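Q: Just passing along the structure, written as structure tokens.
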């Protein structure tokens, strides 16, 4: 059998056929229309109310999601996902996946998210990895019209989606192989989280908790310590017909920390200051405001994102000061009357930073730079592991690689 040019020795069923065979329950999304919870009904604790953007790096981000009360949840008709269910976003931000963990007995989904509930004959982790595969993502994104601002693939259309279903023991081996790579990625993430906590602790002690400015130190603003270069309107810099170009880094790519086959492309001949490389600090100042270290590969910088650089200070210094003021910038953007909140460059000059003496900076830098260098190195290793998993997955699913031999 063949799926998008991928030869496959395993059976391919539609979602509807799997439902008819009793292998999965009919997929379900959240509540539409007037029964949909509103922002005014969110509470600080309760039942997680999961939107598409709450699926990050293959997991549910419970730290930043919304919550509703149990009483409000009882008024809803559907969208209740349980531990073990596989989530798939199908509206606006589409193609993201996660498996519901056991942190909560149940969660509630918005209409942007579908849950798939396994009954028998399918390894849950295998199904998630299948949803993550390039082959499935191409089909899903094409059917949903990924290039449109209204990208959407409803439940009825999802029932026609093809699912490659190897024997269960083969699924188990595929899930274990991919899972071992994910375990290494997760370990790197935990190490990096610990390193970030150390960096923030040192930064807070050395800069934020200062009562009196030390001798030789001075006050300044963000523009005194770094250059904030805004990106280009990349629709004006498309690659020529004979050129492949490079991916365009927009807020979407920054949020998912990687570009993909649906990312737009621009000419590779743009000026060097608009080329993004591994380890660059990026700050999106419009729409979704965030600051991050880019480790997703060579890209062209789109407008609405600052590339933050300095010839005087190391990355940790201007990254942490920018991140420190992020909540203030988010609040300013939220007050805008436009549909896409943003900040102006002048706001960067209004926030205070403390600039240490050369001697003190060197002492602090000797501790902070190795922390950030290790964070970036770990991120790069994780990116390579993701690439290995994504390259290996279709070969495992198609039978091109002898899965049983690997499982021995």
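Q: Pull out all pairs, ordered by first then second residue, where Cβ-Cβ is under 6 Å, the residues are six or more apart or on different chains, the first lies in region 328-352 and is over 16 Å from residue 228 (Cβ atoms) and in the same structural domain as residue 317 (by TED's automatic domain parsing), and the second is modelled with pLDDT of 85 or more and in a loop (DSSP other than H, G, I, E, B).
A: Close Cβ pairs (under 6 Å, with a partner that is modelled with pLDDT of 85 or more and in a loop (DSSP other than H, G, I, E, B)) amount to 330/289.
Q: Let me ask something else about it. Out of region 67-86, which residues are surrounded by 14 or more Cβ atoms within 10 Å (Cβ to Cβ) and part of a helix (DSSP H, G or I)?
A: 72, 73
Q: Taking residue 92 as the residue in question, decide whether it is farther than 23 Å from residue 145 by Cβ, in contact (Cβ under 8 Å) with a residue 12 or more places away in the chain and not assigned by TED's automatic domain parsing to the domain that holds residue 256.
A: On the way: farther than 23 Å from residue 145 by Cβ: no; in contact (Cβ under 8 Å) with a residue 12 or more places away in the chain: yes; not assigned by TED's automatic domain parsing to the domain that holds residue 256: yes.
So residue 92 fails the test.
Q: Another question about this same structure. Within region 96-109, does at least one residue satisfy the condition of being surrounded by fewer than 19 Cβ atoms within 10 Å (Cβ to Cβ), within 20 Å of the chain's Cα centre (by Cα) and either in a loop (DSSP other than H, G, I, E, B) or modelled with pLDDT under 95 (or both)?
A: Yes, some residue in region 96-109 is surrounded by fewer than 19 Cβ atoms within 10 Å (Cβ to Cβ), within 20 Å of the chain's Cα centre (by Cα) and either in a loop (DSSP other than H, G, I, E, B) or modelled with pLDDT under 95 (or both).
Q: Does region 52-70 contain at least one residue that is free of Cβ contacts under 8 Å to residues at least 24 places away in the same chain, over 23 Å from the mean Cα position of the chain (by Cα) and more than 29 Å from residue 125 (Cβ to Cβ)?
A: Within region 52-70, none of the residues are free of Cβ contacts under 8 Å to residues at least 24 places away in the same chain, over 23 Å from the mean Cα position of the chain (by Cα) and more than 29 Å from residue 125 (Cβ to Cβ).
Q: Looking at region 289-313, which of its residues are free of Cβ contacts under 8 Å to residues at least 60 places away in the same chain, within 24 Å of residue 334 (Cβ to Cβ) and not in a strand (DSSP E or B)?
A: Applying the first criterion (free of Cβ contacts under 8 Å to residues at least 60 places away in the same chain) to region 289-313 yields 289-292, 294, 298-299, 311.
From what is left, the residues that are within 24 Å of residue 334 (Cβ to Cβ) are 289-292.
Selection gives 289 alone.
Let's see how each residue does on (1) under 16 Å from residue 174 (Cβ atoms); (2) touching a strand residue (DSSP E or B) at 6+ places or on another chain (Cβ under 9 Å); (3) surrounded by fewer than 14 Cβ atoms within 10 Å (Cβ to Cβ):
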position: 354; (1), (2), (3): no, yes, no
position: 358; (1), (2), (3): no, no, yes
position: 363; (1), (2), (3): no, no, yes
position: 366; (1), (2), (3): no, no, yes
position: 369; (1), (2), (3): no, no, no
position: 383; (1), (2), (3): no, no, no
position: 391; (1), (2), (3): yes, no, yes
position: 394; (1), (2), (3): yes, yes, no
position: 401; (1), (2), (3): yes, no, no
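Q: Does residue 91 fit the bill of being over 15 Å from residue 18 (Cβ atoms) and surrounded by fewer than 21 Cβ atoms within 10 Å (Cβ to Cβ)? Can you show your working first?
A: Details: over 15 Å from residue 18 (Cβ atoms): yes; surrounded by fewer than 21 Cβ atoms within 10 Å (Cβ to Cβ): yes.
Answer is yes for this residue.
Q: Now for a different question. Tell me yes or no: at least one residue of region 184-198 is under 23 Å from the mean Cα position of the chain (by Cα), at pLDDT below 95, assigned by TED's automatic domain parsing to the domain that holds residue 344 and under 21 Å from residue 316 (Cβ atoms).
A: Taking every residue of region 184-198 in turn, none turns out to be under 23 Å from the mean Cα position of the chain (by Cα), at pLDDT below 95, assigned by TED's automatic domain parsing to the domain that holds residue 344 and under 21 Å from residue 316 (Cβ atoms).
The values are calculated or read from the model by the stated rules, or taken from the named source; none is laboratory data. A quick note: this is a predicted structure, and the numbers were derived from the prediction, not measured. Note that each Cβ is placed from the backbone with ideal geometry, even for glycine, and that neighbours are counted across all protein chains shown.
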